[in-house]
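Any read-out appearing in this document is the output of simple, stated calculations on the displayed coordinates, not a laboratory observation. Everything numeric here is computed off the predicted structure, so don't read it as measured data. Using ideal geometry, Cβ is built from the backbone for each residue, glycine included, and neighbour counts are taken over all protein chains shown.
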Amino acid sequence: MPYRLTRAEEEQESSDRYPMGRRQSSEEYVKSQLERNVFTGKLSDVLNSAVNWGRKNSLWPYNFGLSCCYVEMTTAFTSPHDIARFGSEVIRASPRQADFMVIAGTCFIKMAPVIQQLYDQMLEPKWVISMGSCANSGGMYDIYSVVQGVDKFLPVDVYVAGCPPRPEAFLQALQLLQDSIQEERRPLSWVVGDQGVYKAEMGSQREQKRSQRIEATELRTPDKL
Amino acid sequence: MSTDALDRHAPAQSGIDRALGLLDGFREHIEHVQPTLTGLPVLWVRRERIVEILRHLKAPPASFSMLYDLSAVDERLRAHRDGLPAADFTVFYHLLSVDRNEDLIIKVALTGGDPNLPSVTRVFANANWYEREIWDLFGITATGHPHLQRLLMPPTWHGHPLRKDYPARATEFDPYTLTVEGQQTEQEALKFEPEAWGMQRERDGSEFMFLNLGPNHPSAHGAFRIVLQLDGEEIIDCVPDIGYHHRGAEKMAERQTWHSFIPYTDRIDYTGGVMNNLPYVLAVEKLAGIEVPDRVKTVRVMMAEMFRISSHLLFLGTYLQDLGAMSPVFYSFTDRQRAYKVIEGITGFRMHPAWYRIGGLAQDLPVGWQQLVQEFLDWMPPRLREYELAMMKNALVRERTRHVAAFTTTEALEWGVTGPNLRATGCNFDLRKQRPYSGYENFDFEVPLGQHGDVFDRGQLRIEEMRQSLRIIQQCVDHMPAGDYKADHPLTTPPPRERMLQHIETLITHFLQVSWGPVLKPGESLQMVEATKGINSYYLTSDGNNMSYRTRIRTPSFPHLQQIPSLMRGGFVPDMIAHLGSIDFVMADVDR
């Protein structure tokens, strides 16, 4: 599986611009795994997946909403959709206690510095879900006051399409984030490894599901329920 | 023009005569009487006397007690001005008299590179934010305004976005970047300076605490910021700060066709769905002269009322959650899910269906819709009874909300408060009864009223409104008229598909209308509706093009937030949270 490396402490080059840290795809990681002997390789794999299993099943969301998408996100938290099934019902009002932030709504130029500050206040490990077209790319709001996608300054882990996405789509995004966390490699301790954060390249759902989707040839007409 | 359209103009003529009579002493200052399709008298007056004229109109006998709206138009590129006084910018004041159920629009022409006019904040307190808005977005100075700062755009912004020479698209500017330094500058600019607002930092040797609540706070319902000046737990003063949700919808309307702007209206009051389409398409239909079939009217009412219920359910859950009750939101969202089942079944989308069209609907009701709606109508009444018993009759809720953040009808009108918040003070003003639109005159329903105008009444009243909405929907189910779901009119967009393939002419017309959009005659129209949160209106100016020259969106939540400081001075912090929960606002409905 191809991995992407994010170093926590980066040598200062052009890094006065958000998102901080440099991302590069890493072949070396896989090589170094091969070079190591079978026993320690397996041991760190077991440890890593145990830690990741813990992390992914108790993701605490940050209670943060910008606009319409937040209503659908909240809907996912209530009983008909019940996000507690996935271990994410512990909504935190403080970024310091939260594991991931959902950019649910339009990212405004006036709001962007505030979002950045809140993101900075979250502790590692932390993740970002970009929910809805506005947060993904500006969506239908190509207008003077809107940032054309939150990834202009935040590193995004999962993008959810929709305007707004259904609560089910948000739940799927959460599961995709969980899958990606399971594949992540973070330092097991401050003395082990190179302190880099290796994120797996998970691939786009659109491409993975394409063949399955184009099989549908007959669509229901809208004049019947 | 049909007879109905003629009737629409008849009250305007008598209204003009009455308005001119009321302004008898100011005859020489009236420059022009503008004929419009708004249905309201529109008078142009001289800039110098605007304050006196508004003061005269506010007092009896005119008693236009509410400044309903105030905004501006950049006239510099307008081609069809047909005898209007010369102007680079126009500022308009929309006055509303609740007692006489009558409106009046006063316009002032401004010329020159530095447009300015006297501030009317001394006459109408709620002119404050509106004048800040026209300074922010048009660069029009209100001389004598107590605090003329930017309202919607960040304090570091350059330029005035609603001017015609300001680019609309983000992609016309350099791509957005955020640097460490830029981040610090922006955050520094948002820092609150009490002195700038004439506030003291201390009293009798003890310092006040300045609490910054927002722009992200769990009980602020979105990106809303309010800075509180506190003495212990008492609020001495507070300053709401908005603009964290400004999506430039009014500018967007100037570059989308009449037809393709409809989805943007859904996202104004984003809990209101198609309720937002209604004032827009009705205003466009006035411009186009379209009269829609009865079936269209009734389906529109039915879906709008579905969204009123869904919005009120969201209100109920969050309102009680702000008071500290955790479970109501789980109950009310279960009901919302049921409402969405109906909405999705009929329109195919949950929150923003954009389902109304100019001259009709996107499609007809699906087969079997009656049963779907009836299931919801049978489900809701026992739930509402339960809410009333478990929540509104709960002693803790009553103690917590009775006489908290109460205001009178006079205060409400002074601040431009409309909708359930106004009716909670006992004022019987519901546009569905007072000025029926889209066939509301055919329905049998009551307008629930409150007595005390407090947090409790605002909650209780909305439960009652849901019952009335259910009654309206039941009547729609029982008496749905047969007929077309689109008007037979050349400007109906998109035109009926069956006619598209008859010959090449119809195909060309269809193609042009869908690709370029319909071209509407020059003119101005306005439609107010009783939306979920109060009175929402679209004031459209057409310049004979396929898109609007200016679209003014008057939203109810804007004045509701402006009222907060006058109400909360001397109150407590938790009372303010209760008040925020009870006025039911969403930030998109404030900042647009």
| message | Would you calculate the convex hull of the Cα atoms in the stretch B:171-227 and tell me its volume per residue in Å³? | response | 152
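Would you mind giving the three semi-axes, in whole Å and largest first, of the ellipsoid equivalent to the protein assembly as shown according to its Cα gyration tensor?
Numbers: eigenvalues 402, 208, 159 Å².
One finds semi-axes of 45, 32, 28 Å for the protein assembly as shown.
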| remark: Looks like the stretch B:3-120, by Cα gyration tensor root eigenvalues a ≥ b ≥ c and the a/c under 1.5 rounded cutoff (else prolate when a/b is bigger than b/c, oblate otherwise), is oblate
| remark: In the stretch A:121-225, the trypsin sites (Lys or Arg not before Pro) that sit in a DSSP loop and have at most 13 other Cβ atoms within 10 Å of their own Cβ are A:220
| task | Take the alpha carbon atoms of the stretch B:90-194, find their radius of gyration, then divide it by 2.2 N^0.38 Å using N residues; give the quotient. | result | 1.34
| field | Cα shape, the stretch B:386-445, gyration tensor, a/c 1.5 rule | value | oblate
| task | Lys and Arg at +1, Asp and Glu at -1: add these up for the other residues within a Cβ distance under 13 Å of residue B:570 and post the number. | result | -4
| Quarter of Cα convex hull surface for the stretch B:473-533, i.e. mean projection, nm² | 7.1
| Selection of GluC sites (Glu not before Pro), the stretch B:408-484, meeting DSSP coil and at most 16 other Cβ within 10 Å | B:446
| field | Sparse-neighbourhood loop sites, GluC sites (Glu not before Pro) in the stretch B:195-239 - DSSP loop, at most 13 other Cβ within 10 angstrom | value | B:233
| request: Considering the convex hull of the alpha carbon atoms of chain B, report its projected area averaged over all viewing directions, in nm², one decimal. | output: 28.4
| said: Can you compute the equivalent ellipsoid semi-axes for the stretch B:210-341, i.e. the square root of 5 times each eigenvalue of the Cα gyration tensor, sorted largest first and rounded to whole Å? | reply: 35, 23, 11
| field | Helix A:112-121 axis, angle to chain A major axis (alpha carbon atoms, nearest 10°) | value | 40
| said: Nearest 500 deg cm²/dmol is fine: what mean residue ellipticity at 222 nm does chain A get from its DSSP H runs of n ≥ 4 alone, each adding -39,500 (n - 2.57), divided by its residue count? | reply: -10500 deg cm²/dmol
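Using the Cα atoms as the points, what is the convex hull volume per residue of the stretch B:218-274 in Å³? Before the final figure, lay out the partial values.
Numbers: hull volume 5.6 nm³, N = 57.
Residue-normalised Cα hull volume stands at 99 Å³.
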| Expressed as an acute angle from 0 to 90° and rounded to the nearest 10, what is the orientation of the C-alpha long axis of helix A:68-77 relative to the principal long axis of chain A? | 70
| task | Using only the Cα atoms of the stretch A:171-216, build the gyration tensor, take square roots of its eigenvalues as a ≥ b ≥ c, and label the shape rounded, prolate or oblate: rounded if a/c is under 1.5, else prolate if a/b is larger than b/c, else oblate. | result | prolate
| Formal net charge of residues neighbouring residue B:439 (Cβ-Cβ distance under 11 Å; K, R +1; D, E -1) | +2
| field | Within the stretch B:170-321: Cβ-based charge dipole about Cα centre, in debye rounded to nearest 20 (Lys, Arg +1; Asp, Glu -1) | value | 1040
| query | About its Cα centre, what dipole magnitude does chain A give when the only charges are +1 on Lys and Arg Cβ and -1 on Asp and Glu Cβ, stated in debye to the nearest 20? | reply | 300
| field | Within-10-Å neighbourhood charge of residue B:35 [Cβ basis; K, R +1; D, E -1] | value | -2
| request: Whole Å is fine, so just give me how far the alpha carbon centre of the stretch A:76-110 lies from that of the stretch A:111-181. | output: 11
